[in-house]
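First the structure, in the form of structure tokens, and then the observations on it.
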Amino acid sequence: MLSDLRYAFRQLYKNPGFAAVVILTLALGIDACTAIFSVVDGVLLRPLDYPQPERIIAIRETNVPKFPEFSVSPPNYLDWDKQTKSWQYLAAYTGAQINLTGQGEPQRLIGVKVTAHYFDVYGIQPVLGRRFVPEEDVDGKNHVVVLSYPFWQRVFGGNKKVIGRAIQLNGEPYTVLGVTPPQFGQASKVDTWMPMGFKADELTTDARGGHYLSVIGRLRPDATLAQARAELEVLAAQLARHYPDSNKGWGITMARILDYSVRDVRAILYTLLAAVGCVLLIACANIANLLLARATARHREISIRTALGASRLRLVRQLLTESILLALAGGAAGVVLARWGLDLLLVLAPSTLPRTNDIQLNSGVLIFALCLSVLTGVIFGIAPALLGAHTDVQEGLKQGARGSTDARGRLRGALVIAEVAFALVLLGGAGLLARSFMRLTTVDPGFVPEHATVLRLALPEKKYEKPKQQVAFTDALLARLRVLPGVKAAGLTHSLPLTSDWVLGFKIAGRPEIPPSDLPSTNYYSVTPEYFRAMGIRLIRGRLFNEHDDAHAPRVAIINETLARQFFPNEDPLGKRILVTDGPDVWRQIVGIVADIKQYGLGQATTSQTYEPYAQYPFRSLNVVLRTNGSDAALTGVLRPAVYAVDKDQPVGTIQPLEEILGATLAKQRFAMVLLLVFSGVALLIAAVGIYGVMAYSVVQRTSEFGIRMALGAQRGDVLRLVLSSAGKLVAAGLLIGLVTTFVTSRVMGSMLFQTNAHDPVTFSLTTLLLAAVALAACLLPARRATRVNPIEALRTE
Amino acid sequence: MKLDPLIKLSHVERSYPLGKQQFFYVLRDINLEVEEGDFVSVMGPSGAGKSTLLHLLGMHDFGWTGEYYLDETAVHRLKPKERTQLRNEQIGFVFQNYNLLDDLTVYENLDIPLSYRRYSKSERTALVADTLDRFSIVAKKDLYPRQLSGGQQQLVSIARAIIAKPKLILADEPTGNLHSSQAEEIMKLFQRLNSEGTTIIQVTHSETNAAYGNRTIQLRDGWILK
């Protein structure tokens, strides 16, 4: 074995050009595979960094078909907690708007309100201080806070004396209890956790209809997921019987926390892994072709070895040793490249990709790369080795013998067919994603994302307790913003499309009474009059809100076209009254109909939408939208001072172009499409090189044949046709197999496509034509060379 | 008591199909006995079947008919794997164009037949050292074939052929590419090996070389001339 290895090294050293081509090809293939596998490993495969992570379960409510997955209401959660036995710990959490003051410039923080056993569910211990105790999860006693490690470092410089100190959050003192481990909560960049402390009105029967909690649980050691699911389903059915107004039709859905957190990216990542696997296989086919050509050149050497007593197994072993050595060298280079490849991937990755902190080239990934390299060496080496080791000694020992090429020629053809087929599968997939993405980008979002900037604020509860205070702040702020240079309109909403949603039931005056659980639902927005102009939402009929629609004016509402069409199909909605079930029980008159907007993203269905004047129903959560004349960048610097001018303690959250917010919703699709396009481009290139190589080799092999044909009167066109037709047969076979394979495999991409059939004939036709054209181009050069054969020279060579 | 010959061929034929029921015969009804210790020269014009006969004897060719006994073993009844084993045990080859492995040193070229025959490392080291010494090529052991003259390469090739102590050496035009003075040295070497007990069958066009042997077989169109 050592001598095989030594000889293999010598072969590489002796043929540096060949070795470099193979190693580089493999390095690119293994680089891509390793980088994508790092992402798959970090995101999908590696267990979460908690004790027994498989026992941590995410639980949500469901009301099919309206809401396949929905948040949980506090009373339902508390019933689950009290009445089930499968859980060691159950906890609920919800996002919280937190403003930090008293530590330099006011800051808006990402906070989470959690019930007492939240940290117990994850099984984590603070690195400093302690976790919450149940006594602190009570309204009025919950002014305590646990800090995230990065926040503690950033704001308090890692000072351990922060424990027990009071910090000002939302204008109130909170005692710091502990600091979490460095990575905990950082997927969502959480700064602080504070106890939920449900208020009394959150626990009433009426509150069962208010869904805004996320729930996680840790299974008892003796409980299974199936048992826990069955137990909760029974309980949900009981609750539906006891509280039909709020719970009828509601069930539960649950999944292991890892599966839950990666559900949106699983299909994309596995598709990408399959795609790079395809690229690597195409590269393997190319290298196998190179090795076959080389095996022909080494026919004499193999014959001598056979004559000297080498068994076929021994020869195969030696040839495979060379292949695996090449593959290992390629793998090592690939791993080095993968470091950059991975960085590039993470730059391209959507910001919603979970667990990015877990993505790294760790020992598991390196073992994968090692195994992949060895496997690759076997894949591209085995056929050439078997054929190379099967030699006619008598023939091979003759001077200048080239060896039998029949079997090798057939294998070469088969490899070209495989390359074309794989390349078409990749091109087809990329084509489908590109077509889907193009369709997605042409969808009208219902608003104008260009030249609009969004500024987020959260008014502290204590300081802005009363609606009047909230309206006074927003009036003053909008008045200041409106006069900033470049600002054409300034409006705000409490819930910005694409980033947050409020879903409420509603009633229409004069219609038969409907049980609360059966009420239709609408996306709800509390907006100022200029919001529609700032967003670029078109008025269809009626009027928009104006400054007269204040707290003292008659209550009014604006609905979107979808709501008008669905619920007022044969009547004019203008002048009709509706009641949205949140807040005061007030009927509102519909005064306008506006265009639909895409609340959940361009690829999602349009929902019914209702707007109310902010002045009539204000919120503390604010998303200010500024329509500008294009000077968004210049605006960023003056927005914070404008806010501080109204309230010097009011922190400003993110300032972001609306276009960027919309773009982020397409990031996942763009990520998949760009990578698949890159991979299929590489596949196309490798396949073209492969086809060229085989045809060029075949032309050299057939030089004398072409010479004879030309001596017998064949024209250049005849030879050209001869070469192209033999290549055409291979390519056609590859295209046929590729089409069938694409047809079968593209179904798995269905969930990733928007308004695009997974068997889209246009995409399939175009990609097939593209590949055929590239293959033809790759054949043309050798074919033209064949037409230039000098018959006399060719026959002399023979 | 007369011992059985080392090689016995009875009615051996080798043909290639030309079409339906049509064959081109390269060897016709070959009946041949070679005693242990013989030095046989096979002669004949090009295309007479000399090399085919040599490769048949060397068990590189399996497509023949008839009976072939080597050292009392019925080769015609052996499976390919058994033939390979028998070949490895009994036969060494010398070729006209030396057929040394270009990427191996002299030492490694001598070592490789032993490694294929599963000799242990220590046995291989001893045998290679002996052979290098015996052929006076110790100084050349780290050189590659391209660094040797033709005569030196053929010397290494013969050393490689005998290193595993075969009973029979098959040599195909062993001096075909050599200068006459080098050819003479090689033939003397064959004569010495033969005198030490090794049976040699060589294919040659040269009457001078054939004279080093004790017996000559003439082939014409696949037939042995009586």
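Any read-out appearing in this document is the output of simple, stated calculations on the displayed coordinates, not a laboratory observation. Predicted model, so just to flag it, every value in this text is computed and none were measured. Note that we place each Cβ from the backbone using ideal geometry, even for glycine, and neighbour counts take in every protein chain shown.
So the values come out like this:
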read-out: Loop-located trypsin sites (Lys or Arg not before Pro) in region A:230-333, at most 16 other Cβ atoms within 10 Å (DSSP); value: A:K248, A:R263
read-out: J(HN,Hα) series, region B:70-82, from Karplus relation 6.51 cos²θ - 1.76 cosθ + 1.60, nearest Hz, glycine and proline x; value: 10, 6, 6, 9, 7, 4, 5, 9, 7, 7, x, 5, 5
read-out: Where GluC sites (Glu not before Pro) fall in DSSP loop in region B:138-226, at most 15 other Cβ within 10 Å; value: B:E196
read-out: Nearest 10 degrees, 0 to 90: helix A:312-348 Cα axis against chain A principal axis; value: 30
read-out: 10 Å binning of all Cα-Cα separations within region B:98-226, expressed as whole percents from 0 upward; value: 12, 41, 33, 12, 2
read-out: Considering only the protein assembly as shown, percent of DSSP beta bridges that pair antiparallel, nearest 5; value: 70
read-out: Acute angle (nearest 10 degrees) that the helix A:406-441 long axis makes with the longest principal axis of chain A, alpha-carbon atoms; value: 20
read-out: Options A:S436, B:H205, A:G364, ranked by Cα towards positive dipole end of the protein assembly as shown, top entry (Cβ charges); value: B:H205
read-out: Approximate shape of region A:571-640 as ellipsoid semi-axes (Cα gyration tensor, √5λ), whole Å, largest first; value: 30, 18, 13
read-out: Debye log10 I(q)/I(0) at q = 0.19, 0.27 Å⁻¹ for region A:418-484, Cα point scatterers; value: -0.89, -1.14
read-out: Where labels lie 7 Å past Cα in the beta-carbon direction, separation of A:Q168 and B:E35 in nm; value: 12.1
read-out: Average projection area in nm² (convex hull over Cα atoms of region A:2-110, one quarter of hull surface); value: 17.7
read-out: Estimated dipole of the protein assembly as shown in Debye, rounded to 20 [Cβ of Lys and Arg +1, of Asp and Glu -1, Cα centre]; value: 1000
read-out: Extension reserve of the B:T216-B:A129 stretch, reckoned as 0.36 nm per residue once the Cα distance is removed; value: 27.9 nm
read-out: Spatially near lysine pairs across region B:54-183, Cα under 22 Å, sequence gap of 8 or more or different chains; value: 8
read-out: Global form of region B:1-108, assessed from the alpha-carbon gyration tensor, a/c cut-off 1.5; value: oblate
read-out: Most positive-pole-ward Cα, A:T628, A:G693, A:V678, against dipole of region A:566-702 from beta carbon charges; value: A:G693
read-out: Cβ-placed point charges (K, R +1; D, E -1), dipole of region A:663-735 about Cα centre in debye, nearest 20; value: 160
read-out: Loop trypsin sites (Lys or Arg not before Pro), region A:431-510, which have at most 10 other Cβ atoms in a 10 Å radius of their Cβ (DSSP); value: A:K462
read-out: Alpha carbon convex hull of region A:251-366, volume per residue in cubic angstrom; value: 164
read-out: 0 to 90° range, to nearest 10: angle between helix B:106-116 axis and chain B longest Cα axis; value: 50
read-out: Pair A:A274, A:S3: separation of 7 Å Cα→Cβ label points (nm); value: 4.7
read-out: Given charges at Cβ of Lys, Arg, Asp, Glu: region A:172-297 dipole, positive-most of A:A288, A:T224, A:P181; value: A:A288
read-out: Distribution of pairwise C-alpha distances over chain B, 10 Å bins, in %; value: 8, 32, 35, 20, 5, 0
read-out: Reciprocal of mean inverse Cα separation for the protein assembly as shown (Kirkwood radius, Å); value: 35.9
read-out: Likely footprinting exposure, A:K729, B:K165, fewest C-beta neighbours within 10 Å first; value: B:K165, A:K729
